[in-house]
Amino acid sequence: MKKLLLTAAAVFTFGFANAQETKFGVKAGLNLGNLSGDIEDAFVDSDMKMRPSFHVGGFAEIKLNDKFAIQPELLYSVEGGKQDVDGESEKLIWDLHYINLPVMAKFYATEKLSIEAGPQIGFLTKAEATFDGETVVDFKDDSKSTAISLNLGAGYNFTDNLFGSLRYSIGMSNIVDENDFDSKSNVLALSVGYKF
């Protein structure tokens, strides 16, 4: 974790030192999350399905030149998944809340369209399982406090200020604090945002 933080600090320092332009902004949008791995079959004999939720936060876009930018972000993200228990009427919801810190490298293929990729570290703030709307398990103490992900996506600038983006976050680290139990959080995120 120290290496990741030092790398992020070096990227910020390099970016600001070589920046042509820096814009700050806010973003929010829809998360479609699911959990992969052992957790899918651990409690319920049912496939994990995508759970709709949300993310919200801010960012700084540091333009290095006309084609490349670095974009560190600070996001509050609700993730997890859901499983059917008794048909469609009752569901087991896996509810994970993270403070996420992505650092995205952006390549502008055109003036408006960008392709992005980068690492993300997430800090867990809540981990619960709910059944039919009631909390049945609080598993935060049994979960890892940080999660590492790889983000891939694209963005489109509708105007100089308004943009949209689509991003897939691939979980790279186990979210459960057990060596023989593997589960990862994956999220498809659709965002809209505003650059100041």
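We did not get these values from a lab; they are worked out from the coordinates using the rules stated. Everything numeric here is computed off the predicted structure, so don't read it as measured data.
How long are the semi-axes of the equivalent ellipsoid of the range 152-196, taking √(5λ) for every eigenvalue λ of the Cα gyration tensor, in whole Å from largest down?
Whole-Å semi-axes of the equivalent ellipsoid: 33, 9, 6.
Between residue 172 and residues 5 or more places away or on another chain, which pairs have amide H atoms under 5 Å apart, with H built 1.01 Å from N, and which residues are they?
Close amide H contacts, sequence-distant or interchain: 148, 149, 150.
Show which lysines lie in cross-link reach of residue 82 when reach means a straight Cα distance below 21 angstrom and same-chain residues fewer than eight apart are skipped.
49, 91, 126, 140, 144, 184
What relative contact order, as a whole-number percentage, does the range 68-154 give when Cα pairs under 8 Å and 6 or more residues apart are counted?
27 percent
At q = 0.12 Å⁻¹, what log₁₀ I(q)/I(0) does the range 44-196 have when each alpha carbon counts as one equal point scatterer in the Debye sum?
-0.57
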